[in-house]
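First comes the structure, then the notes that go with it.
The values are calculated or read from the model by the stated rules, or taken from the named source; none is laboratory data. All figures in this text were calculated on a predicted structure; none of them were measured in a lab. Here Cβ is always computed from backbone atoms with ideal geometry, including for glycine, and neighbour counts include all displayed protein chains.
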Amino acid sequence: MKITKVRVFVTCPTRNYVAVKIETDEPGLYGVGDATLNGRELAVASALQDHIAPLLIGRDPDRIEDIWQYLFRGSYWRGGPIQMTALAGIDLALWDIKGKRAGLPVYSLLGGRTRDGALAYSHAGGGEFSEVHESACALRERGFKVIRVQCAVPHAIGTYGVGGAAEAASATWGAGLGGSVGDGGPMPSVEANWEPANYLRVIPKMFDYLRQRMGDEIELFHDVHERLSPIQAARLAKELEPYRLFFLEDPLRPEHKESFRLVRHHSTTPIAMGELFHNKYECLPLITEQLIDYIRCDIGHIGGITEARKIAAIAEPYQVLTAWHGPGDVGPATHAANVHVDCAIPNFGVQEMVQFSEAVHEVFPGAPEFRDGYLFPSEKPGLGTDINEAAAAKYPYQRSYLPTVRRADGSVHDW
Ligand code: KDG
Ligand code: MG
(Lines give C-alpha, C1' and ligand atoms only; values in the text may rest on other atoms or scores of the structure.)
(Ligands and ions follow the chains in the order given, each with its own letter.)
Protein backbone atom coordinates (compact mmCIF):
# COMPACT_ATOMS: atom_id res chain seq x y z
CA MET A 1 0.00 0.00 0.00
CA LYS A 2 1.28 3.47 -0.88
CA ILE A 3 0.36 7.08 -0.15
CA THR A 4 -0.69 8.70 -3.42
CA LYS A 5 -1.86 12.16 -2.33
CA VAL A 6 -1.76 14.45 0.71
CA ARG A 7 -4.36 17.20 0.54
CA VAL A 8 -4.74 20.13 2.91
CA PHE A 9 -7.98 22.03 3.59
CA VAL A 10 -8.35 25.34 5.42
CA THR A 11 -11.96 26.07 6.23
CA CYS A 12 -13.90 28.38 8.55
CA PRO A 13 -17.26 26.96 9.63
CA THR A 14 -17.61 29.54 12.49
CA ARG A 15 -13.84 29.34 13.16
CA ASN A 16 -10.77 28.21 11.23
CA TYR A 17 -9.77 24.57 10.94
CA VAL A 18 -6.99 22.85 8.99
CA ALA A 19 -7.66 19.29 7.83
CA VAL A 20 -5.33 16.79 6.12
CA LYS A 21 -6.56 14.03 3.87
CA ILE A 22 -4.13 11.24 2.98
CA GLU A 23 -5.15 9.15 -0.01
CA THR A 24 -3.76 5.69 -0.85
CA ASP A 25 -3.50 3.43 -3.86
CA GLU A 26 -6.22 1.18 -2.39
CA PRO A 27 -9.47 2.35 -4.00
CA GLY A 28 -11.53 4.45 -1.60
CA LEU A 29 -9.06 4.11 1.30
CA TYR A 30 -8.07 7.44 2.84
CA GLY A 31 -7.54 8.99 6.28
CA VAL A 32 -8.48 12.40 7.67
CA GLY A 33 -6.51 14.25 10.34
CA ASP A 34 -6.76 17.64 12.07
CA ALA A 35 -3.87 20.14 11.94
CA THR A 36 -5.48 23.25 13.41
CA LEU A 37 -3.32 25.72 15.36
CA ASN A 38 -5.39 28.67 16.53
CA GLY A 39 -4.14 31.92 14.96
CA ARG A 40 -1.36 30.23 12.92
CA GLU A 41 -3.48 28.05 10.61
CA LEU A 42 -1.83 29.08 7.35
CA ALA A 43 1.69 28.41 8.67
CA VAL A 44 0.71 24.80 9.46
CA ALA A 45 -1.08 24.44 6.12
CA SER A 46 2.07 25.62 4.33
CA ALA A 47 4.33 23.29 6.37
CA LEU A 48 2.08 20.43 5.28
CA GLN A 49 1.51 21.41 1.69
CA ASP A 50 4.90 22.83 0.74
CA HIS A 51 7.28 20.74 2.83
CA ILE A 52 5.76 17.57 4.27
CA ALA A 53 3.33 16.31 1.59
CA PRO A 54 6.04 15.77 -1.08
CA LEU A 55 8.01 13.62 1.40
CA LEU A 56 5.11 11.24 1.92
CA ILE A 57 4.16 10.28 -1.61
CA GLY A 58 5.00 6.62 -2.25
CA ARG A 59 5.48 5.75 1.46
CA ASP A 60 3.62 2.91 3.15
CA PRO A 61 0.90 4.48 5.36
CA ASP A 62 0.94 1.43 7.60
CA ARG A 63 4.37 2.47 8.99
CA ILE A 64 3.11 5.17 11.35
CA GLU A 65 6.00 5.15 13.82
CA ASP A 66 8.58 5.20 11.03
CA ILE A 67 6.87 8.13 9.29
CA TRP A 68 6.63 9.92 12.66
CA GLN A 69 10.36 9.49 13.36
CA TYR A 70 11.18 10.47 9.78
CA LEU A 71 9.23 13.74 10.05
CA PHE A 72 10.43 14.54 13.60
CA ARG A 73 14.08 13.50 13.87
CA GLY A 74 14.72 12.89 10.20
CA SER A 75 13.98 16.47 9.19
CA TYR A 76 16.58 17.90 11.65
CA TRP A 77 14.49 21.04 12.41
CA ARG A 78 12.21 19.38 14.88
CA GLY A 79 9.51 20.43 17.31
CA GLY A 80 7.64 23.67 17.94
CA PRO A 81 3.88 24.21 17.65
CA ILE A 82 3.73 24.53 13.87
CA GLN A 83 5.66 21.37 13.01
CA MET A 84 4.12 19.31 15.81
CA THR A 85 0.61 20.33 14.74
CA ALA A 86 1.42 19.42 11.15
CA LEU A 87 2.81 16.10 12.34
CA ALA A 88 -0.35 15.48 14.39
CA GLY A 89 -2.46 16.00 11.26
CA ILE A 90 -0.46 13.34 9.42
CA ASP A 91 -0.40 10.98 12.41
CA LEU A 92 -4.19 11.15 12.89
CA ALA A 93 -4.82 10.53 9.21
CA LEU A 94 -2.49 7.49 9.29
CA TRP A 95 -4.24 6.00 12.36
CA ASP A 96 -7.55 6.60 10.56
CA ILE A 97 -6.25 4.64 7.55
CA LYS A 98 -4.93 1.83 9.75
CA GLY A 99 -8.29 1.51 11.48
CA LYS A 100 -10.27 1.54 8.24
CA ARG A 101 -7.99 -1.06 6.72
CA ALA A 102 -8.32 -3.32 9.76
CA GLY A 103 -12.07 -2.67 10.01
CA LEU A 104 -11.55 -1.56 13.65
CA PRO A 105 -12.03 1.67 15.62
CA VAL A 106 -8.73 3.27 16.67
CA TYR A 107 -9.25 2.52 20.39
CA SER A 108 -9.20 -1.18 19.48
CA LEU A 109 -5.83 -0.79 17.72
CA LEU A 110 -4.49 0.89 20.87
CA GLY A 111 -5.15 -2.20 22.97
CA GLY A 112 -8.93 -2.16 23.30
CA ARG A 113 -11.29 -0.61 25.80
CA THR A 114 -10.25 -0.03 29.39
CA ARG A 115 -13.52 1.79 30.15
CA ASP A 116 -16.98 2.25 28.68
CA GLY A 117 -16.79 6.02 28.27
CA ALA A 118 -14.53 8.99 29.05
CA LEU A 119 -15.58 11.33 31.88
CA ALA A 120 -16.00 14.73 30.19
CA TYR A 121 -15.98 18.39 31.21
CA SER A 122 -17.02 21.64 29.60
CA HIS A 123 -16.79 25.34 30.39
CA ALA A 124 -18.99 27.56 32.55
CA GLY A 125 -18.33 31.27 32.85
CA GLY A 126 -19.81 34.66 33.49
CA GLY A 127 -19.20 38.24 34.50
CA GLU A 128 -21.03 37.99 37.85
CA PHE A 129 -20.82 34.96 40.17
CA SER A 130 -24.57 34.46 39.65
CA GLU A 131 -23.94 34.06 35.91
CA VAL A 132 -21.17 31.53 36.51
CA HIS A 133 -23.56 29.66 38.78
CA GLU A 134 -26.34 29.70 36.19
CA SER A 135 -23.90 28.59 33.50
CA ALA A 136 -22.53 25.72 35.66
CA CYS A 137 -26.07 24.61 36.57
CA ALA A 138 -26.97 24.49 32.85
CA LEU A 139 -24.03 22.14 32.26
CA ARG A 140 -24.94 20.01 35.28
CA GLU A 141 -28.45 19.73 33.80
CA ARG A 142 -26.88 18.39 30.61
CA GLY A 143 -25.23 15.63 32.64
CA PHE A 144 -21.75 17.03 33.30
CA LYS A 145 -20.12 15.83 36.50
CA VAL A 146 -16.99 17.95 36.07
CA ILE A 147 -17.20 21.67 35.16
CA ARG A 148 -14.55 24.32 34.55
CA VAL A 149 -15.54 27.68 36.05
CA GLN A 150 -14.20 31.10 35.00
CA CYS A 151 -15.38 34.55 36.11
CA ALA A 152 -14.63 38.13 35.19
CA VAL A 153 -11.69 39.77 36.96
CA PRO A 154 -12.60 43.13 38.56
CA HIS A 155 -11.61 46.08 36.36
CA ALA A 156 -10.28 43.82 33.58
CA ILE A 157 -11.81 44.08 30.12
CA GLY A 158 -12.53 40.90 28.13
CA THR A 159 -11.44 38.24 30.61
CA TYR A 160 -10.47 34.73 29.47
CA GLY A 161 -13.21 32.11 29.35
CA VAL A 162 -16.09 34.31 30.48
CA GLY A 163 -18.64 32.93 28.06
CA GLY A 164 -21.62 33.62 30.27
CA ALA A 165 -24.75 31.74 31.10
CA ALA A 166 -26.20 32.35 27.66
CA GLU A 167 -23.47 30.20 26.09
CA ALA A 168 -23.86 27.32 28.55
CA ALA A 169 -27.61 27.30 28.02
CA SER A 170 -27.33 27.42 24.24
CA ALA A 171 -26.97 24.47 21.88
CA THR A 172 -23.27 25.23 21.31
CA TRP A 173 -21.38 25.48 24.57
CA GLY A 174 -17.74 25.97 25.36
CA ALA A 175 -16.74 26.32 21.73
CA GLY A 176 -16.26 30.07 21.76
CA LEU A 177 -14.05 30.47 24.84
CA GLY A 178 -16.08 33.49 25.83
CA GLY A 179 -16.41 34.71 22.29
CA SER A 180 -12.92 36.12 22.42
CA VAL A 181 -11.21 33.67 20.06
CA GLY A 182 -11.92 33.57 16.40
CA ASP A 183 -13.80 36.83 16.30
CA GLY A 184 -12.38 37.22 12.85
CA GLY A 185 -11.07 40.76 13.14
CA PRO A 186 -7.99 41.77 11.15
CA MET A 187 -5.94 42.36 14.34
CA PRO A 188 -5.89 40.63 17.75
CA SER A 189 -8.33 41.97 20.33
CA VAL A 190 -6.86 43.15 23.64
CA GLU A 191 -7.83 42.12 27.16
CA ALA A 192 -6.86 45.21 29.11
CA ASN A 193 -6.29 46.06 32.76
CA TRP A 194 -5.69 42.50 33.93
CA GLU A 195 -4.09 42.64 37.37
CA PRO A 196 -2.98 39.55 39.34
CA ALA A 197 -4.02 41.09 42.69
CA ASN A 198 -7.61 41.53 41.48
CA TYR A 199 -7.59 38.03 40.01
CA LEU A 200 -6.23 36.44 43.20
CA ARG A 201 -8.91 38.15 45.29
CA VAL A 202 -11.84 37.09 43.14
CA ILE A 203 -11.20 33.38 42.37
CA PRO A 204 -11.47 32.02 45.95
CA LYS A 205 -14.65 34.11 46.41
CA MET A 206 -16.12 32.58 43.25
CA PHE A 207 -15.48 29.05 44.53
CA ASP A 208 -16.96 29.93 47.92
CA TYR A 209 -20.09 31.24 46.19
CA LEU A 210 -20.39 28.16 43.98
CA ARG A 211 -19.75 25.57 46.71
CA GLN A 212 -22.40 27.19 48.91
CA ARG A 213 -24.96 26.90 46.14
CA MET A 214 -23.93 23.72 44.30
CA GLY A 215 -22.72 21.59 47.19
CA ASP A 216 -19.73 19.27 47.33
CA GLU A 217 -20.65 16.54 44.90
CA ILE A 218 -20.18 18.35 41.61
CA GLU A 219 -16.53 18.52 40.54
CA LEU A 220 -15.40 22.08 39.84
CA PHE A 221 -12.07 23.46 38.70
CA HIS A 222 -10.43 26.53 37.22
CA ASP A 223 -8.03 27.38 34.37
CA VAL A 224 -5.37 29.95 35.38
CA HIS A 225 -4.17 30.01 31.77
CA GLU A 226 -0.48 30.40 32.70
CA ARG A 227 -1.01 33.91 34.13
CA LEU A 228 0.57 33.67 37.60
CA SER A 229 4.05 33.90 39.07
CA PRO A 230 5.24 30.91 41.14
CA ILE A 231 4.45 32.44 44.52
CA GLN A 232 1.09 33.76 43.33
CA ALA A 233 0.19 30.31 42.02
CA ALA A 234 1.26 28.70 45.30
CA ARG A 235 -0.92 31.15 47.23
CA LEU A 236 -3.95 30.56 45.01
CA ALA A 237 -3.58 26.75 45.18
CA LYS A 238 -3.35 27.00 48.99
CA GLU A 239 -6.35 29.31 49.33
CA LEU A 240 -8.47 27.07 47.12
CA GLU A 241 -7.89 23.95 49.24
CA PRO A 242 -11.18 24.25 51.18
CA TYR A 243 -13.14 24.14 47.90
CA ARG A 244 -11.66 20.77 46.83
CA LEU A 245 -10.96 21.54 43.18
CA PHE A 246 -10.81 18.66 40.70
CA PHE A 247 -7.60 20.41 39.64
CA LEU A 248 -6.08 23.83 39.14
CA GLU A 249 -5.20 24.10 35.45
CA ASP A 250 -2.03 25.58 33.96
CA PRO A 251 -1.05 27.78 36.92
CA LEU A 252 2.38 28.73 35.46
CA ARG A 253 4.00 29.49 32.15
CA PRO A 254 5.18 26.39 30.27
CA GLU A 255 8.82 27.50 30.41
CA HIS A 256 9.08 27.30 34.22
CA LYS A 257 8.86 23.62 35.07
CA GLU A 258 11.03 23.94 38.19
CA SER A 259 8.58 26.47 39.67
CA PHE A 260 5.95 23.75 40.03
CA ARG A 261 7.98 22.53 43.02
CA LEU A 262 7.03 25.69 44.87
CA VAL A 263 3.32 25.27 44.15
CA ARG A 264 3.47 21.60 45.18
CA HIS A 265 5.35 22.43 48.36
CA HIS A 266 2.60 24.76 49.57
CA SER A 267 -0.62 23.04 48.60
CA THR A 268 -2.58 19.83 48.17
CA THR A 269 -4.81 21.26 45.41
CA PRO A 270 -4.32 18.85 42.44
CA ILE A 271 -2.44 20.46 39.55
CA ALA A 272 -2.91 19.99 35.78
CA MET A 273 -0.54 21.27 33.11
CA GLY A 274 0.47 20.77 29.51
CA GLU A 275 -1.62 22.35 26.76
CA LEU A 276 1.38 24.44 25.67
CA PHE A 277 3.82 21.52 25.62
CA HIS A 278 4.79 20.03 22.27
CA ASN A 279 6.49 16.75 23.10
CA LYS A 280 7.09 14.15 25.79
CA TYR A 281 10.41 15.67 26.81
CA GLU A 282 8.68 18.80 28.12
CA CYS A 283 6.35 16.66 30.22
CA LEU A 284 9.12 14.57 31.79
CA PRO A 285 10.21 16.59 34.86
CA LEU A 286 6.66 17.37 35.91
CA ILE A 287 5.69 13.71 35.68
CA THR A 288 8.78 12.05 37.12
CA GLU A 289 8.94 14.45 40.09
CA GLN A 290 5.18 14.05 40.60
CA LEU A 291 4.73 17.83 40.47
CA ILE A 292 1.40 17.50 38.69
CA ASP A 293 -1.58 15.16 38.93
CA TYR A 294 -2.91 15.54 35.38
CA ILE A 295 -0.99 15.89 32.13
CA ARG A 296 -3.10 17.77 29.63
CA CYS A 297 -1.21 18.04 26.36
CA ASP A 298 -3.08 18.73 23.16
CA ILE A 299 -2.99 15.59 21.00
CA GLY A 300 -3.30 17.92 18.01
CA HIS A 301 -0.16 19.86 19.00
CA ILE A 302 2.21 17.10 20.16
CA GLY A 303 2.34 15.04 16.98
CA GLY A 304 -0.84 13.05 17.49
CA ILE A 305 -1.80 9.68 18.95
CA THR A 306 1.71 8.25 18.53
CA GLU A 307 3.17 10.76 21.03
CA ALA A 308 0.08 10.82 23.28
CA ARG A 309 0.20 7.13 24.05
CA LYS A 310 3.90 7.42 24.96
CA ILE A 311 3.18 10.35 27.29
CA ALA A 312 0.36 8.37 28.91
CA ALA A 313 2.68 5.38 29.33
CA ILE A 314 5.38 7.54 30.93
CA ALA A 315 2.79 9.05 33.30
CA GLU A 316 1.19 5.75 34.37
CA PRO A 317 3.80 4.53 36.92
CA TYR A 318 3.92 8.03 38.48
CA GLN A 319 0.14 7.97 38.99
CA VAL A 320 -0.32 11.00 36.79
CA LEU A 321 -3.61 10.88 34.87
CA THR A 322 -4.43 12.36 31.48
CA ALA A 323 -6.70 15.34 30.74
CA TRP A 324 -6.06 15.98 27.04
CA HIS A 325 -6.82 19.50 25.86
CA GLY A 326 -10.09 19.62 23.89
CA PRO A 327 -11.15 23.22 23.13
CA GLY A 328 -13.26 24.46 20.23
CA ASP A 329 -10.16 25.61 18.37
CA VAL A 330 -8.95 22.09 17.56
CA GLY A 331 -10.91 20.14 15.00
CA PRO A 332 -13.26 17.18 15.36
CA ALA A 333 -10.60 14.61 14.36
CA THR A 334 -8.48 15.63 17.37
CA HIS A 335 -11.55 15.38 19.63
CA ALA A 336 -12.19 11.91 18.23
CA ALA A 337 -8.54 10.92 18.78
CA ASN A 338 -8.76 12.16 22.39
CA VAL A 339 -11.64 9.82 23.15
CA HIS A 340 -10.07 6.80 21.41
CA VAL A 341 -6.93 7.26 23.54
CA ASP A 342 -8.98 7.96 26.71
CA CYS A 343 -10.88 4.71 26.33
CA ALA A 344 -7.76 2.60 25.69
CA ILE A 345 -5.24 3.79 28.31
CA PRO A 346 -5.30 2.76 31.97
CA ASN A 347 -4.46 6.20 33.43
CA PHE A 348 -7.17 8.39 31.92
CA GLY A 349 -8.47 11.22 34.15
CA VAL A 350 -10.92 13.51 32.39
CA GLN A 351 -11.62 14.82 28.87
CA GLU A 352 -12.27 18.45 27.92
CA MET A 353 -15.01 18.81 25.29
CA VAL A 354 -17.15 21.38 23.51
CA GLN A 355 -20.31 21.09 21.47
CA PHE A 356 -19.55 22.12 17.93
CA SER A 357 -21.93 24.17 15.78
CA GLU A 358 -24.05 22.65 13.02
CA ALA A 359 -21.68 24.15 10.42
CA VAL A 360 -18.68 22.33 11.94
CA HIS A 361 -20.62 19.05 11.94
CA GLU A 362 -21.60 19.66 8.32
CA VAL A 363 -17.94 20.06 7.28
CA PHE A 364 -16.61 17.32 9.58
CA PRO A 365 -19.24 14.58 9.92
CA GLY A 366 -18.84 12.09 12.77
CA ALA A 367 -17.94 12.66 16.40
CA PRO A 368 -17.76 10.91 19.76
CA GLU A 369 -21.15 10.62 21.41
CA PHE A 370 -21.85 12.53 24.66
CA ARG A 371 -24.18 10.81 27.12
CA ASP A 372 -24.77 11.61 30.79
CA GLY A 373 -21.36 13.18 31.42
CA TYR A 374 -19.32 10.70 29.38
CA LEU A 375 -17.93 10.59 25.84
CA PHE A 376 -18.11 7.40 23.83
CA PRO A 377 -15.81 6.77 20.84
CA SER A 378 -17.23 6.03 17.43
CA GLU A 379 -17.48 2.32 16.64
CA LYS A 380 -16.75 2.97 12.96
CA PRO A 381 -13.42 1.75 11.57
CA GLY A 382 -10.72 4.42 12.05
CA LEU A 383 -11.27 7.65 13.97
CA GLY A 384 -14.91 7.98 12.93
CA THR A 385 -14.65 11.52 11.56
CA ASP A 386 -14.53 12.63 7.93
CA ILE A 387 -14.41 15.78 5.78
CA ASN A 388 -17.17 16.96 3.45
CA GLU A 389 -15.04 18.74 0.86
CA ALA A 390 -17.93 20.59 -0.79
CA ALA A 391 -19.11 21.91 2.59
CA ALA A 392 -15.53 22.91 3.54
CA ALA A 393 -15.26 24.96 0.35
CA LYS A 394 -18.33 26.99 1.35
CA TYR A 395 -16.47 28.44 4.37
CA PRO A 396 -13.23 30.15 3.30
CA TYR A 397 -10.46 31.00 5.79
CA GLN A 398 -10.92 34.21 7.79
CA ARG A 399 -7.90 35.84 9.39
CA SER A 400 -8.21 35.54 13.14
CA TYR A 401 -5.91 35.84 16.17
CA LEU A 402 -5.97 34.98 19.82
CA PRO A 403 -6.43 38.08 21.97
CA THR A 404 -3.51 39.56 23.90
CA VAL A 405 -3.55 40.59 27.57
CA ARG A 406 -2.21 43.85 28.97
CA ARG A 407 -1.75 44.92 32.59
CA ALA A 408 -3.05 48.20 34.02
CA ASP A 409 0.21 49.95 33.06
CA GLY A 410 -0.18 48.78 29.45
CA SER A 411 2.53 46.11 29.51
CA VAL A 412 2.06 42.70 27.87
CA HIS A 413 0.98 39.79 30.05
CA ASP A 414 0.44 36.09 29.22
CA TRP A 415 -2.81 35.34 27.44
O1 KDG B 1 -6.18 28.55 21.39
C2 KDG B 1 -6.05 28.63 22.77
C3 KDG B 1 -7.08 27.75 23.44
O4 KDG B 1 -6.97 26.45 22.97
C5 KDG B 1 -6.93 27.74 24.95
O6 KDG B 1 -7.01 29.05 25.40
C7 KDG B 1 -8.04 26.91 25.57
O8 KDG B 1 -6.95 26.94 27.70
C9 KDG B 1 -7.75 26.45 26.95
C10 KDG B 1 -8.50 25.28 27.43
O11 KDG B 1 -8.17 24.82 28.51
O12 KDG B 1 -9.38 24.82 26.72
MG1 MG C 1 -6.49 25.69 29.40
(request) Would you mention how many residues in region 399-415 are within 16 Å of ligand 1 (Cβ to nearest atom) and either assigned to a loop (DSSP other than H, G, I, E, B) or within 19 Å of H361 (Cβ to Cβ) (or both)? (result) 7
(request) Taking only region 320-349 into account, find how many residues are surrounded by fewer than 24 Cβ atoms within 10 Å (Cβ to Cβ) and either without any contact (Cβ under 8 Å) to a residue 12 or more places away in the chain or touching a Leu at 6+ places or on another chain (Cβ under 7 Å) (or both). (result) 5
(request) For region 231-253, state whether one or more residues are in a helix (DSSP H, G or I), of a type in the set (K, R) and over 30 Å from W77 (Cβ atoms). (result) yes
(request) Among the residues of region 189-223, count how many are touching a strand residue (DSSP E or B) at 6+ places or on another chain (Cβ under 9 Å), in a helix (DSSP H, G or I) and within 16 Å of ligand 2 (Cβ to nearest atom). (result) 1
(request) Identify, from the list P365, P396, the residue that is surrounded by fewer than 17 Cβ atoms within 10 Å (Cβ to Cβ), away from ligand 2 (no atom under 16 Å from the Cβ), without any contact (Cβ under 8 Å) to a residue 24 or more places away in the chain and assigned to a loop (DSSP other than H, G, I, E, B). (result) P365
(message) Condition (residue is within 16 Å of ligand 2 (Cβ to nearest atom), in the same structural domain as P204 (by TED's automatic domain parsing) and part of a loop (DSSP other than H, G, I, E, B)) applied to region 281-290: is it met by at least one residue?
(response) no
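Let's see how each residue does on (1) farther than 22 Å from A313 by Cβ; (2) in the same structural domain as E369 (by TED's automatic domain parsing):
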residue	(1), (2)
S75	yes, no
Q83	yes, no
L87	no, no
A93	yes, no
K98	no, no
L110	no, no
R113	no, no
H123	yes, yes
(message) Just to be sure before I move on: is V354 crowded, with 19+ Cβ neighbours inside 10 Å and in the same structural domain as W194 (by TED's automatic domain parsing) in the structure I sent?
(response) yes
(message) Condition first: away from ligand 2 (no atom under 15 Å from the Cβ), of a type outside the set (F, W, Y) and either buried (at least 21 other Cβ atoms within 10 Å of the Cβ) or under 22 Å from the mean Cα position of the chain (by Cα) (or both). Now tell me which residues in region 241-269 satisfy that.
(response) E255, H256, K257, V263, T269
(request) Return the pairs, sorted by first residue and then second, in which the second residue is of a type in the set (D, E), the first residue lies in region 90-118 and is part of a strand (DSSP E or B), the beta carbons are less than 7 Å apart, and the residues are 6+ apart or on different chains. (result) P105/E379; A118/D342
